[in-house]
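Just so it is clear, none of the values below were taken in a lab; they were calculated from the coordinates. Since the structure is predicted, the reported quantities are computational estimates derived from the model, not experimental observations. Using ideal geometry, Cβ is built from the backbone for each residue, glycine included, and neighbour counts are taken over all protein chains shown.
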Amino acid sequence: MFYKLRVYLRELKKSSEQIKISLKEKKCDDLYYLSKLAKCCHILDKGCYTVPFEKKHSLSIYNEAKRYIEKIDYEKNRNDSCYNWCVKKIKRYEEMQEEMSSPNLYVEPVVYKDSSVFDDFINSFISVRRFSDKTISNDIIKQSIKTAQSASSSCFRQTPRCYAIKSFDLIKKMTPSIAGLTGFSNGVPLLFCITSDLRSYDCVDRDLAYIDSTLFSQNLVLSLRAKNIYSVFLNFQQASKTDISIIKEYLKIPEYEKIIIFIACGYSDYISEKPQRLDFEKVGKIYE
Ligand SMILES: Cc1cc2nc3c(=O)[nH]c(=O)nc-3n(C[C@H](O)[C@H](O)[C@H](O)COP(=O)(O)O)c2cc1C
């Protein structure tokens with residue numbers, strides 16, 4: 001009973017630390033403003049697809065977006081895809097204030113003929129904890145992170161950050177601080193640390209940090225699986241304050257980022273049997 005109380009108190013303290021971050025004066029760099037800008041442009045974009053289109057809808061969001069644009073260093077970001085998407089959406093919003101009728105903004109849907117291939121692929125995902133020592137190329141890592149980024153994110157904030165660690169020495173140094181990493185007999189060729197930049201969340205939506213980074217992480221492991229790389233998530237929620245600071249120090253993670261999860265990855269010939277899931281009736285309900 002005493003032990004449980006101590007754990008609850010520790011968790012309560014952790015939550016208040018998160019609240020402090022969301023209230024603290026923010027380090028307002030380009031990345032922070034880009035996240036805020038993306039959120040505004042996402043709202044303007046959604047509005048442009050509303051039928052019938054209402055002129056002057058979200059005018060305050062439009063003004064907010066313009067303020068963020070001014071704060072972002074143009075020279076450093078003019079080639080950034082997201083920045084350019086935002087600029088395009090602001091322009092579109094402005095044009096639509098002048099147009100007499102709403103243009104058709106929809107694009108051709110991509111139609112898949114055989115969904116079973118995708119279902120089989122997703123079902124082929126399995127956690128693997130024994131890897132061969134073959135290295136994973138930086139191109140594969142970059143491609144997979146790009147695919148991970150296509151995951152949905154709350155209000156398009158795009159807060160997940162991804163640290164890919166290939167260095168044998170660094171992984172060895174970090175291992176004692178990541179409980180889930182013990183017992184990998186062949187070592188880990190690639191370790192991902194997934195964090196969330198908490199600056200763009202208000203106090204009430206701080207739990208979205210977990211959702212956004214989890215969706216990103218799931219896309220990441222599926223993209224790796226598509227390249228025949230196996231992986232396993234490693235829990236970090238029970239990490240002590242000391243372990244969190246050790247990892248943050250090694251990876252130079254800023255204080256406003258929260259570590260959400262680790263993922264160990266590698267090629268493997270050691271695939272175990274996939275654990276069977278609960279039957280449909282226990283997890284799903286259809287209302288007609
Ligand atoms: C949030 C999360 C944390 C996990 N943490 C660990 C971990 O620390 N160590 C580990 O060996 N597996 C970990 N796993 C993997 C689960 O044990 C595994 O997904 C589950 O047993 C189902 O097996 P499967 O992924 O092979 O289908 C974690 C999975 C999730 C989603």
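Might you report the magnitude of the Cβ-based charge dipole of the range 58-108 about its Cα centre, with Lys and Arg at +1 and Asp and Glu at -1, to the nearest 20 debye?
180 debye
Neighbour counts of C-beta atoms inside 10 Å place 96, 1, 174 in the sequence 1, 96, 174, starting with the fewest. In angstrom, the C-alpha Rg and Dmax of the range 162-226 are 14.4, 43. To the nearest 10 degrees, how steep is helix 30-48 against the longest Cα principal axis of the chain, on a 0 to 90 scale? Long axis of 30-48 versus the principal axis of the chain: about 60 degrees. Loop-located trypsin sites (Lys or Arg not before Pro) in the range 106-205 (DSSP state not H, G, I, E or B) with no more than 12 neighbouring Cβ atoms inside 10 Å: 113, 134. Convex hull volume per residue, computed on the Cα atoms of the chain, equals 210 Å³. Each residue of the range 159-167 was assigned a 3J(HN,Hα) from its phi angle through the Karplus curve 6.51 cos²θ - 1.76 cosθ + 1.60 (θ = phi - 60°); the sequence is 8, x, 10, 10, 9, 9, 10, 9, 5 Hz, with glycine and proline shown as x.
Please go through the range 32-88 and write out the GluC sites (Glu not before Pro) that DSSP classes as loop and that have at most 15 other C-beta atoms within 10 Å. For GluC sites (Glu not before Pro) across the range 32-88 that sit outside H, G, I, E and B with at most 15 neighbouring Cβ atoms in 10 Å, the list reads 54. Dimensions of the range 2-98 from C-alpha coordinates, computed as largest minus smallest value along each principal axis and given longest first, are 66, 36, 20 Å. Each residue in 212, 30, 80, 114 was given a count of other beta-carbon atoms within 10 angstrom of its own, and listing them fewest first yields 114, 80, 30, 212.
Between helix 208-226 and the chain there is an angle of about 70 degrees, using the helix long axis and the longest principal axis of the Cα atoms.
Using Cβ contacts closer than 10 Å as the measure, can you line up 167, 58 from fewest to most?
Details: 167 11, 58 18.
Going from sparsest to densest Cβ surroundings: 167, 58.
Annotation: amide H of residue 234 within the under-5 Å range of 262, 263, 264, sequence separation 5 or more or interchain, hydrogens built in the peptide plane. Think of each Lys and Arg Cβ as +1 and each Asp and Glu Cβ as -1; about the Cα centre, that makes the dipole of the chain roughly 940 debye. Relative to the longest principal Cα axis of the chain, at what angle does helix 241-251 sit, 0 to 90 degrees, rounded to 10? Helix 241-251 and the main axis of the chain meet at about 70 degrees.
Computed per residue of the chain from DSSP H runs no shorter than four, each worth -39500 (n - 2.57), the mean residue ellipticity at 222 nm is -15000 deg cm²/dmol. For the range 178-288, the direction-averaged projected area of the alpha-carbon convex hull comes to 10.5 nm².
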